[in-house]
Amino acid sequence: MPAVLGFEGSANKIGVGVVRDGVVLANPRRTYVTPPGTGFLPGATARHHRTVILDLLQEALTEAGLTSKDIDCIAYTKGPGMGAPLVSVAVVARTVAQLWNKPLLGVNHCIGHIEMGRLITGATSPTVLYVSGGNTQVIAYSEHRYRIFGETIDIAVGNCLDRFARVLKISNDPSPGYNIEQMAKRGKKLVELPYTVKGMDVSFSGILSFIEDVTQRMLATGECTPEDLCFSLQETVFAMLVEITERAMAHCGSQEALIVGGVGCNMRLQEMMETMCQERGAQLFATDERFCIDNGAMIAQAGWEMFRAGHTTPLSESGVTQRYRTDEVEVTWRD
């Protein structure tokens, strides 16, 4: 019954999780929150992570009721993500692994999301919509790889939403995307925005540039409200995501869809995906904010799967990489 400790810190969330045989024993997390109208810079984010990571480690062990002797493997996010935060967490993971004399495992962040989603929801072989601040991909498993059927060709959907939140000076607490979601519920007018689907891929930079350009003028003239713009942006970008997910499901003959990543806990996106699945006679699987937002348990769960399949990462290869595609990883733990 291996117990795996997982460290995640690829962006502004820092988490330490413990998973043993498919059971999440602990999953504490902290968020680096910046003032409204601003984003988070790599250096400042890394300093935040270094400040809290040891407290989170102790909190996770206490919550799980375990000691270092009970841990069988140390997993950490190898990438993708922001360089400085990734390094700050990897250094701690390497140090802990050596101090405790435990094997080390570098985990792909995207696969961590997928494996956590599969664990929590019970989905067997879903078409995956992975949506976050740094990634937007439609994925399906085939022949020991998570194959990418479609993706963004520029910025991620979460990045598009976050950057629009800065235009409106929306609070980053608890997250700009969550606050856009709440404002969108009060929107009443659908503003026409660019809709860019290119085959199986999507583009969000154009819609962001357009809405950044027209926002102040439309608000000043009373053509719409900030809530209308939040509503319109959500409806448009989510429709694009639903379209390419449905096309991938048709191609794969899939009857399951799984939403993972931080944007995946948006209830409007889940509602639109649910409608599409019902029309196809398919089933939608999604998780709440505990597991769809970056967390340590997802890295622990992917690490647990990899460790059971015989994977470890030598210390000499335990670096990080900001670019680490989902389909680079050989998925030896699935049939």
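Only one of the numbered conditions (1) of a type in the set (A, V, I, L, M, F, W, C); (2) under 17 Å from M116 (Cβ atoms); (3) part of a loop (DSSP other than H, G, I, E, B); (4) within 20 Å of the chain's Cα centre (by Cα) is not met by W333, and that is (4). When residues of the range 176-202 are filtered for being more than 17 Å from D162 (Cβ to Cβ) and of a type in the set (S, T, N, Q), how many remain? Adding up the residues that qualify gives 1. Summed over the range 272-324, residues that are within 27 Å of E59 (Cα to Cα), of a type in the set (S, T, Y) and assigned to a helix (DSSP H, G or I) total 0. The criterion of at least 2 residues that are crowded, with 19+ Cβ neighbours inside 10 Å and of a type outside the set (A, V, I, L, M, F, W, C) is met by the following helices (runs of 4 or more DSSP H) wholly inside the range 159-266: 176-184, 226-252.
Take the residues in the range 288-335 that are over 24 Å from P28 (Cα atoms) and among the aromatic types (F, W, Y), then tell me which one is surrounded by the fewest Cβ atoms within 10 Å (Cβ to Cβ). Per the criteria, the residue is W333. Counting only strands (runs of 3 or more DSSP E) that sit wholly inside the range 1-106, those with at least 2 residues that are β-branched (V, I, T) and buried (at least 24 other Cβ atoms within 10 Å of the Cβ) are 13-20, 73-79. On the stretch given as the range 138-156, residues that are surrounded by fewer than 24 Cβ atoms within 10 Å (Cβ to Cβ), in contact with a Phe, Trp or Tyr (Cβ under 8 Å, 6 or more places away or on another chain) and either closer than 15 Å to V331 by Cβ or aromatic (F, W, Y) (or both) total 2. Selection of the range 136-158 for residues being outside any helix (DSSP H, G or I) and closer than 13 Å to Q234 by Cα yields an empty set. Yes or no: A239 in contact with a Ser or Thr (Cβ under 7 Å, 6 or more places away or on another chain) and either charged (D, E, K, R) or over 16 Å from G158 (Cβ atoms) (or both)? Criteria not met by A239.
Coordinate-derived values only; no laboratory data. Owing to the predicted nature of the structure, the values given are computational and were not obtained by experimental measurement. Ideal geometry is used to build each Cβ from the backbone, glycine not excepted, and the neighbour counts take in all protein chains shown.
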